[in-house]
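Worksheet: the structure to be examined is printed underneath.
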Amino acid sequence: MFGALLATAVAAAAAVPVAANLQRDGIDAARSATPLVLFFTLPDCSYCHTVRHNYLAPLVRGDSGRRYIVREIPIEGTRSVVGLDGKTATQGALARQFGARFGPTVLFVDAAGKPLAPALVGGDTAGMYGAYLDARLAGARERLANAVK
């Protein structure tokens, strides 16, 4: 039974991929004319868990008809990641670079790392997180579309 629970937990955590190569992800997001969504988390953060599973995993799956490239970056992480600039940095260094100090923090950026919408910081305490997320995604898509014109 424990093995099945562990497998389920691992599969659920993979619902939002952990960042490995943001430069490639940024290029892919630009090709699809969508913002790159960066999800900064802390360990044992219940709000992070809720945001990951209830709001960001559906974006990765394309449940609304539009898929997004969403990458999780542990704020205190020590793994190496290729940044948007092509340079390797730790997850923690990337969190500092983007100014993410609290979990969850969701950023909406272009392929160069330029913010496209205000950061979404904190969890869903008022039941409005989905609306806040949708508004920021719409604003980010609009900024990208206007940049192309």
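The values are calculated or read from the model by the stated rules, or taken from the named source; none is laboratory data. Quick caveat: nothing in here was measured; it's all calculated off a predicted structure. Cβ atoms come from the backbone with ideal geometry, glycine included; neighbour counts cover every protein chain shown. Quick note on the areas: whole protein, heavy atoms, side chains included, nothing else; ligands and nucleic acids left out. Shrake-Rupley method; radii C 1.70, N 1.55, O 1.52, S 1.80 Å.
Considering only region 61-77, I want to know if a residue exists there that is over 14 Å from the mean Cα position of the chain (by Cα) and at pLDDT 95 or above.
Yes: region 61-77 contains one or more residues that are over 14 Å from the mean Cα position of the chain (by Cα) and at pLDDT 95 or above.
If you check ALA30, ALA89, which single one turns out to be more than 28 Å from ASN146 (Cα to Cα) and among the hydrophobic types (A, V, I, L, M, F, W, C)?
Values: ALA30 fails: more than 28 Å from ASN146 (Cα to Cα).
Answer to the check: ALA89.
What's the total number of residues in region 94-113 that are among the small types (Gly, Ala, Ser) and open to solvent by less than 30 Å² (accessible area, probe 1.4 Å)? Quick ask: steps written out before the conclusion?
We begin by selecting, within region 94-113, every residue among the small types (Gly, Ala, Ser); these are 95, 99-100, 103, 111-113.
Pick out the ones that are also open to solvent by less than 30 Å² (accessible area, probe 1.4 Å) and you get 95, 100, 103, 113.
Of the residues in that region, 4 qualify.
GLY62 fails exactly one of the following numbered conditions: (1) closer than 25 Å to ALA145 by Cα; (2) surrounded by 16 or more Cβ atoms within 10 Å (Cβ to Cβ); (3) not polar (S, T, N, Q). What is the number of that condition?
(2)
Among the numbered criteria (1) surrounded by fewer than 16 Cβ atoms within 10 Å (Cβ to Cβ); (2) on the phi < 0 side of the Ramachandran plot; (3) within 15 Å of the chain's Cα centre (by Cα), which one does LEU116 miss?
Here LEU116 meets the rest and fails (1).
I'd like to check something: does region 6-15 contain any residue that is surrounded by 15 or more Cβ atoms within 10 Å (Cβ to Cβ), outside any helix (DSSP H, G or I) and at pLDDT 95 or above?
no
Which numbered condition in (1) at pLDDT below 95; (2) in a helix (DSSP H, G or I); (3) not hydrophobic (A, V, I, L, M, F, W, C) is the only one that GLU142 fails?
Only one criterion is unmet by GLU142, namely (1).
So the check is Cβ under 8 Å with 6+ separation or different chains; which pairs have a first residue in region 39-53 that's within 20 Å of ALA117 (Cα to Cα) and part of a helix (DSSP H, G or I) and a second one that's aliphatic (A, V, I, L, M) and open to solvent by less than 80 Å² (accessible area, probe 1.4 Å)?
CYS48/LEU42; VAL51/VAL106; ARG52/ALA13; ARG52/ALA15; ARG52/VAL16
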